[in-house]
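One structure is given below, encoded as structure tokens.
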Amino acid sequence: MTKSSNSKNPDDISKLSFEEAIKELTGIVGEIEQGEIALQDSLAQYEKGMVLIKHCRAILQKAEERIEKISKGEGEKQKKPEAKTQQKTKDIPF
């Protein structure tokens with residue numbers, strides 16, 4: 001087996017940053033595409049790759065949720081002044 005297939009177990013994968021996980025995944029894809037590793041090793045690498053993909057998707061999901069939260073917070077800040085100006089104009093009798 002190659003160094004990258006031995007370097008991370010599933011517990012270690014959960015500690016990887018997005019960039020580290022993508023780097024590992026790229027290495028796995030390269031090894032499988034070269035076709036120079038045994039079938040059993042290819043399957044093990046494929047399984048590890050799927051775990052890495054799941055990990056990356058989870059990181060991206062958290063980032064998306066954070067962006068949405070930030071965006072909603074900014075949107076609410078912008079909406080509040082508008083709401084106040086609309087209330088002021090409603091109070092004017094003409």
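The values are calculated or read from the model by the stated rules, or taken from the named source; none is laboratory data. Since this is a predicted model, take the numbers as computed values, not measurements. Every residue, glycine among them, receives a Cβ derived from its backbone with ideal geometry; neighbour counts consider all protein chains shown.
Remarks
- Among residues of segment 26-79, those that are of a type outside the set (A, V, I, L, M) and touching a residue at least 12 places away in the same chain (Cβ under 8 Å), counted: 9
- Residue count for segment 1-20, restricted to those that are farther than 13 Å from GLU47 by Cβ and modelled with pLDDT of 65 or more: 9.
- If you go through segment 23-43 and pick out every residue that is hydrophobic (A, V, I, L, M, F, W, C), farther than 15 Å from ASP12 by Cβ and either at pLDDT 95 or above or assigned to a helix (DSSP H, G or I) (or both), you end up with 4.
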